[in-house]
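Undergrad: Below is one structure. I have some questions about it.
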Amino acid sequence: MASHRKRRWSLGGLVLTLTTALVGAALVSANDAVAPRAGAATAAQTWSDEFDGPAGRGPDAAKWTLETGGGGFGNHELEYYTNSTSNASLDGQGHLVITAKKNTDPGLGCWYGQCQYTSARLNTARTFTQAYGRFEARIKIPRGQGVWPAFWMLGNDLGSAGWPNSGEIDVMENIGREPNSVHGTIHGPGYSGAGGLGAAYSLPGGKAFADDFHVFSVDWSPNSIVWSVDGTPYETRTPADTHGNKWVFDHPFFVILNLAVGGDWPGSPDGSTAFPQTMVVDYVRASTSGGGPAASGPIRGIGGMCADVAGGSSADRTPIQLHNCTGNAAQQWTVGNDGTVRALGKCLDVAGGSTEAGAVVQLYTCNGTNAQKWTYTAAHDLTNVGANKCLDAKDGSSADGTRLQTWTCNGTAAQKWTVG
């Protein structure tokens, strides 16, 4: 199953070419894609590619980066990924076609010598990242021993945190020797590679996934990731599944499509494998889940100061204050679809669940109470659901170290916040 394979990226390719883009732009795309709004009850699409365009045109460069190389990508894969339209192009009928084929260029070198195959691998690291929501794609996968199509995601901090600390969500993987099954898996620190957390889904009646299009999706919230095929959920993972290891699915991720050939998990093609093989993608879409859009990044308030976890401590009851913006982890917040506002793996909390004006706010272990549920409104208020009061800078001060509290909403600058 999916947990048998190793990492899916290479320092020689993705990380070194995209680190600056990830640091500078990773939090921008999802936040700009949809304006915050109060009380949203339905999902809102934040990004998509429907692959409309003339036959033979390459993937939209404003949405996708084509990776190149034949280093094996940590799995001893056999293909060389190219940026050629012979390996990734539109078909003129609303599809992206990723083609794996035998290599005819003697100048292409792979980790094992002259490359035997070429294919394509696309990512959105430069152009789109998002924390939480629904990610789905409608795909007709290839068939054959040794072929390995995938629709998956990596954390936007890959360049700084490294794999698996940045996290990996495999929405769909298939290995050709299992034509009836696909796999959904997560990888993180202490549960990666052979220890990845995953499950398989098999089509009823022994049907093959390569026979038709199917919709593969995850619904991702701060407390769970749910995998579905054609609208049927088949796997759920929560922080409890990591058995004390860090749950790293609390920040934006980017999307990847690729068709590998060979590798440690699927094995090599054999005499039964016909080439070329194609992975046909009808669409890729991302949306928010019900409950409003997710946003990530600093929370800036009065005087341009940032909401900050005092001392960068993740201990329960750590005060939340204003501080000069530094960009460190103590100032990186995620406003989730479930109403939580999180930093350092814990939740923004009204002390004691108080509903009184002037109650201090703190960092606390997430527990699902209304003291930890917030609504980010179109007016840029952060309103606590339990108290029906606004996050407020005490005494309207913008001084470094000003304690944050809840207060009756009054529309003043002390209660206006910008996320991201």
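The values are calculated or read from the model by the stated rules, or taken from the named source; none is laboratory data. None of the values given here were measured: they were computed from a predicted structure. Here the Cβ positions follow ideal geometry from the backbone for every residue, glycine too, while neighbour counts run over all protein chains shown.
Undergrad: In region 130-160, what residues are hydroxyl-bearing (Ser, Thr, Tyr) and buried (at least 24 other Cβ atoms within 10 Å of the Cβ)?
TA: First, the residues of region 130-160 that are hydroxyl-bearing (Ser, Thr, Tyr): 132, 160.
Once the filter is applied, which keeps residues that are hydroxyl-bearing (Ser, Thr, Tyr) and buried (at least 24 other Cβ atoms within 10 Å of the Cβ), region 130-160 yields only TYR132.
Undergrad: I'd like to check something: does region 388-402 contain any residue that is within 15 Å of VAL309 (Cα to Cα) and in contact with a Gly (Cβ under 7 Å, 6 or more places away or on another chain)?
TA: Scanning region 388-402, I find at least one residue that is within 15 Å of VAL309 (Cα to Cα) and in contact with a Gly (Cβ under 7 Å, 6 or more places away or on another chain), so the answer is yes.
Undergrad: I'm trying to understand the selection: among the residues of region 382-417, which are in contact with a His (Cβ under 8 Å, 6 or more places away or on another chain) and surrounded by 15 or more Cβ atoms within 10 Å (Cβ to Cβ)? Can you show your working first?
TA: Of all residues in region 382-417, those in contact with a His (Cβ under 8 Å, 6 or more places away or on another chain) come to 400-401, 416-417.
Within region 382-417, LYS416, TRP417 qualify.
Undergrad: Right, something else. Looking only at region 115-135, which residues are in a strand (DSSP E or B) and among the aromatic types (Phe, Trp, Tyr)? Working first, answer last.
TA: The first filter runs over region 115-135 and keeps only residues in a strand (DSSP E or B), leaving 117-119, 121-123, 130, 133-135.
Selection gives TYR117, PHE135.
Undergrad: Still on this structure, I have one more. I need the strands (runs of 3 or more DSSP E) fully contained in region 287-328, keeping only those with at least 1 residues that are at negative phi and at pLDDT 95 or above. Spell out the reasoning first.
TA: On the way: elements: 295-297, 306-309, 318-323.
Qualifying strands (runs of 3 or more DSSP E): 306-309, 318-323.
Undergrad: Any residue that is closer than 26 Å to ASN180 by Cβ and either loosely packed, with under 14 Cβ neighbours inside 10 Å or at pLDDT 95 or above (or both) - is there at least one of those in region 221-229? Break it down into steps so the answer makes sense when it comes.
TA: We begin by selecting, within region 221-229, every residue closer than 26 Å to ASN180 by Cβ; these are 225-229.
Still in the list and also either loosely packed, with under 14 Cβ neighbours inside 10 Å or at pLDDT 95 or above (or both): none.
Scanning region 221-229 turns up no residue that is closer than 26 Å to ASN180 by Cβ and either loosely packed, with under 14 Cβ neighbours inside 10 Å or at pLDDT 95 or above (or both).
Undergrad: Now, a different point. Could you identify the single residue in VAL248, VAL226 that is assigned to a strand (DSSP E or B) and either assigned by TED's automatic domain parsing to the domain that holds ASN174 or of a type in the set (A, V, I, L, M, F, W, C) (or both)? So that I can check it myself, show each step before the final result.
TA: Values: VAL248 fails: assigned to a strand (DSSP E or B).
Result: VAL226 is the single residue among VAL248, VAL226 that is assigned to a strand (DSSP E or B) and either assigned by TED's automatic domain parsing to the domain that holds ASN174 or of a type in the set (A, V, I, L, M, F, W, C) (or both).
Undergrad: Suppose we keep only residues that are of a type in the set (Val, Ile, Thr) and assigned to a loop (DSSP other than H, G, I, E, B) within region 385-411. Which one would you say is nearest to the chain's Cα centre (by Cα)?
TA: Going through region 385-411, the residues of a type in the set (Val, Ile, Thr) turn out to be 385, 402, 406, 408.
Remaining after also requiring assigned to a loop (DSSP other than H, G, I, E, B): 385, 402, 408.
Details: VAL385: 27, THR402: 34, THR408: 36 Å.
Residue satisfying both the conditions and the ranking: VAL385.
Undergrad: Can you tell me which residue is surrounded by the most Cβ atoms within 10 Å (Cβ to Cβ) among those in region 366-379 that are assigned to a loop (DSSP other than H, G, I, E, B) and within 23 Å of the chain's Cα centre (by Cα)?
TA: Step one: filter region 366-379 for residues assigned to a loop (DSSP other than H, G, I, E, B), giving 366-369, 373, 377-379.
Next, only the ones that are within 23 Å of the chain's Cα centre (by Cα) stay: 366, 368, 373.
Numbers: CYS366: 18, GLY368: 12, LYS373: 20.
Step by step, filter region 366-379, then rank; the result is LYS373.
Undergrad: Turning to a different aspect of this structure: What is the number of the single condition among (1) buried (at least 22 other Cβ atoms within 10 Å of the Cβ); (2) more than 30 Å from ARG342 (Cα to Cα); (3) touching a helix residue (DSSP H, G or I) at 6+ places or on another chain (Cβ under 8 Å) that TRP265 does not meet?
TA: (1)
Undergrad: Here's a follow-up. Which members of region 183-206 meet the condition of being of a type in the set (Phe, Trp, Tyr) and out of contact with any helix residue (DSSP H, G or I) (no Cβ under 8 Å at 6 or more places or on another chain)?
TA: Filtering region 183-206 down to residues of a type in the set (Phe, Trp, Tyr) leaves 191, 201.
If the condition is that a residue be of a type in the set (Phe, Trp, Tyr) and out of contact with any helix residue (DSSP H, G or I) (no Cβ under 8 Å at 6 or more places or on another chain), then TYR201 is the only one that fits.
Undergrad: Turning to a different aspect of this structure: For the structure I just gave you, tell me whether ALA131 is of a type in the set (Gly, Ala, Ser), within 22 Å of TRP265 (Cβ to Cβ) and either in contact with a Ser or Thr (Cβ under 7 Å, 6 or more places away or on another chain) or in contact (Cβ under 8 Å) with a residue 24 or more places away in the chain (or both). Working first, answer last.
TA: Values: of a type in the set (Gly, Ala, Ser): yes; within 22 Å of TRP265 (Cβ to Cβ): no; either in contact with a Ser or Thr (Cβ under 7 Å, 6 or more places away or on another chain) or in contact (Cβ under 8 Å) with a residue 24 or more places away in the chain (or both): yes.
No: the conditions fail for ALA131.
Undergrad: Condition check: assigned by TED's automatic domain parsing to the domain that holds TRP152, among the acidic types (Asp, Glu) and touching a Lys or Arg at 6+ places or on another chain (Cβ under 9 Å). Does ASP219 satisfy that? Don't jump to the end; show me each part of the working.
TA: Working: assigned by TED's automatic domain parsing to the domain that holds TRP152: yes; among the acidic types (Asp, Glu): yes; touching a Lys or Arg at 6+ places or on another chain (Cβ under 9 Å): yes.
Taking the combined requirement at face value, the residue satisfies it.
Undergrad: Take the conditions surrounded by 20 or more Cβ atoms within 10 Å (Cβ to Cβ), charged (D, E, K, R) and touching a helix residue (DSSP H, G or I) at 6+ places or on another chain (Cβ under 8 Å) and apply them to ARG121. Does it pass? Reasoning before the result, please.
TA: Values: surrounded by 20 or more Cβ atoms within 10 Å (Cβ to Cβ): yes; charged (D, E, K, R): yes; touching a helix residue (DSSP H, G or I) at 6+ places or on another chain (Cβ under 8 Å): no.
The answer is no for ARG121.
Yes or no, residue by residue, for (1) modelled with pLDDT of 95 or more; (2) in contact with a Lys or Arg (Cβ under 8 Å, 6 or more places away or on another chain):
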| site | (1), (2) |
| --- | --- |
| VAL341 | no, no |
| ALA371 | no, no |
| THR383 | no, yes |
| ASN388 | no, no |
| ALA399 | yes, no |
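Undergrad: Taking the conditions exactly as written (under 22 Å from the mean Cα position of the chain (by Cα) and of a type in the set (Phe, Trp, Tyr)), does TYR112 satisfy them or not? If you could, list the steps in order and put the result at the bottom.
TA: Details: under 22 Å from the mean Cα position of the chain (by Cα): no; of a type in the set (Phe, Trp, Tyr): yes.
When the stated conditions are applied, TYR112 does not pass them.
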